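The values are calculated or read from the model by the stated rules, or taken from the named source; none is laboratory data. Since the model is a prediction, treat every value here as computed from it, not as a measurement. Note that each Cβ is placed from the backbone with ideal geometry, even for glycine, and that neighbours are counted across all protein chains shown.
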Ligand code: PEP
């Protein structure tokens, strides 16, 4: 089964009103108005309203980089899934390694965030991935399986609604990309794990690769049988590069 690919840009904490406008307009002008893949821009929360207006009625969807596990209340600084929904957010990254590393997010928190997103009709992009030390210690399989298992445990009943992103931590923002073979091997084992959760839905669940994907290496990565798209950081801030990645996703 070939899934329609998903290309997700993660702007991280970058941008400004002026720069965002230039970038989104370039993406709208440069891309086919009906690309062969789905495209989402995961923008910093303060710019959701701006980018919502810029992408209105276009092929570009709006995404968040995080979501609260809580619905409302005394959680200063948090943003709930229903608030994101108010801005037309369709996807939310959960469990990005930077959130796990700098904000202490555990597998259980990530699972709860995925549940909160799903509860509001937002598709969580669930990130899993091993550090370099874990890879070197031969723990890649154990780590990614443990991270995904927590999400399946809480969200098994609606597992068909999630997107998974395999992001080896050692490849994020480092310029070191996993080889297509390395990435495919992990994607295949994640697919098998999803199959155990739901043999009916596993083939259709999109598993993205993330970690220094760029215009030069995207096509080869996206050609792997279990790579259904990309989660792109740095290259999503450069319109020509991001457009080339979108064009490679078919
Ligand atoms: C990311 O932030 O999810 C990511 C993959 O970053 P980069 O593409 O810059 O490695």
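So residue 95 fits all but one of (1) within 16 Å of the ligand (Cβ to nearest atom); (2) at positive phi; (3) surrounded by fewer than 15 Cβ atoms within 10 Å (Cβ to Cβ); what number is the exception?
(3)
So the check is Cβ under 6 Å with 6+ separation or different chains; which pairs have a first residue in the range 19-36 that's within 14 Å of residue 61 (Cα to Cα) and a second one that's at pLDDT 95 or above and surrounded by fewer than 15 Cβ atoms within 10 Å (Cβ to Cβ)?
Every condition considered, the pairs that remain are 28/58.
How many of the residues in the range 6-60 are within 15 Å of the chain's Cα centre (by Cα) and within 16 Å of the ligand (Cβ to nearest atom)?
Looking only at that region, the number is 13.
Specify the residue that is farthest from residue 127 (Cα to Cα); the eligible residues are those in the range 210-250 that are assigned to a helix (DSSP H, G or I) and within 11 Å of the ligand (Cβ to nearest atom).
Per the criteria, the residue is 241.
What is the number of the single condition among (1) part of a loop (DSSP other than H, G, I, E, B); (2) within 18 Å of the chain's Cα centre (by Cα); (3) at pLDDT 95 or above that residue 200 does not meet?
Result: residue 200 fails condition (2) only.
Considering only the range 189-209, state which residues are over 15 Å from residue 2 (Cβ atoms), surrounded by 15 or more Cβ atoms within 10 Å (Cβ to Cβ) and away from the ligand (no atom under 12 Å from the Cβ).
Listed by number, the residues that qualify are 189, 190, 193, 194, 197, 198, 201.
Yes or no: residue 164 within 23 Å of residue 246 (Cβ to Cβ), touching a strand residue (DSSP E or B) at 6+ places or on another chain (Cβ under 6 Å) and away from the ligand (no atom under 12 Å from the Cβ)?
yes
Determine which member of the set 123, 131, 109 is within 19 Å of residue 229 (Cα to Cα) and either away from the ligand (no atom under 16 Å from the Cβ) or free of Cβ contacts under 8 Å to residues at least 60 places away in the same chain (or both).
Values: 131 fails: within 19 Å of residue 229 (Cα to Cα); 109 fails: within 19 Å of residue 229 (Cα to Cα).
So the residue among 123, 131, 109 that is within 19 Å of residue 229 (Cα to Cα) and either away from the ligand (no atom under 16 Å from the Cβ) or free of Cβ contacts under 8 Å to residues at least 60 places away in the same chain (or both) is 123.
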